[in-house]
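Worksheet: one structure, shown below.
The values are calculated or read from the model by the stated rules, or taken from the named source; none is laboratory data. Keep in mind the model is a prediction, meaning the values are calculated, not measured. FYI the Cβ positions are ideal-geometry reconstructions off the backbone, even for glycines, and counts take in every protein chain you see. Remember, those area values only see protein heavy atoms, side chains included, never the ligands or the DNA or RNA. Shrake-Rupley method; radii C 1.70, N 1.55, O 1.52, S 1.80 Å.
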Amino acid sequence: DGMKLDKYSVVIFSGYNVREYAAPTGSGWRAAHYVIGEMHKAGKPIGSICAGQAVLAAHGLLQNRRAAIPTRVFEHAQFQTYFSDTGVRWQKLPVVVDETNGKPVITAAGAAHAELFAKALLRAIDGK
């Protein structure tokens, strides 16, 4: 709480070990929830790549949105909690840009698609 986010253009979640941000008991849960909420309210792009989708799903941001299926993440039991009953419309695409309500959420399946992911994020930041 109290973080000043007005100077930030985007927030991105990535990586394999996202439990601290995705689990309600995690040390970073409150901070992640605040940042996601504030950036979303401001209409700023929010991105996730691979296991980062678990963070966005756990905080409800992906509900009723399209998102890229994270590469091999569904194979790991530790992630099942974050993805069950989230209402995500999973897409078998490298990168998905969902602009529901004019608020962009950009997801990428994995590191192999990092360049496409970065380009989509830059387009969202530039508003193009």
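Some points to look at:
- Counted residues, the stretch 8-49 - those being touching a Ser or Thr at 6+ places or on another chain (Cβ under 8 Å) and of a type in the set (K, R): 1
- Residue identified as of a type outside the set (D, E, K, R), farther than 22 Å from T100 by Cβ and part of a loop (DSSP other than H, G, I, E, B) among P70, P24: P24
- Whenever a residue of the stretch 1-20 is among the acidic types (D, E), its partners that are open to solvent by 70 Å² or more (accessible area, probe 1.4 Å), lying with C-beta atoms within less than 7 angstrom and at least six residues away or across chains, give the pairs E20/S27.
- Within the stretch 110-128, no residue that is at positive phi and without any contact (Cβ under 8 Å) to a residue 40 or more places away in the chain sits with its Cβ atom under 6 Å from a residue that is buried (at least 18 other Cβ atoms within 10 Å of the Cβ) and outside any helix (DSSP H, G or I) at 6+ positions apart or across chains.
- Search result, residues across the stretch 37-56 that are in a helix (DSSP H, G or I) and either on the phi > 0 side of the Ramachandran plot or open to solvent by less than 10 Å² (accessible area, probe 1.4 Å) (or both): M39, G52, Q53, A54, V55, L56
- Residue ID - modelled with the lowest pLDDT, chosen from residues in the stretch 1-21 that are of a type outside the set (V, I, T) and outside any loop (DSSP other than H, G, I, E, B): R19
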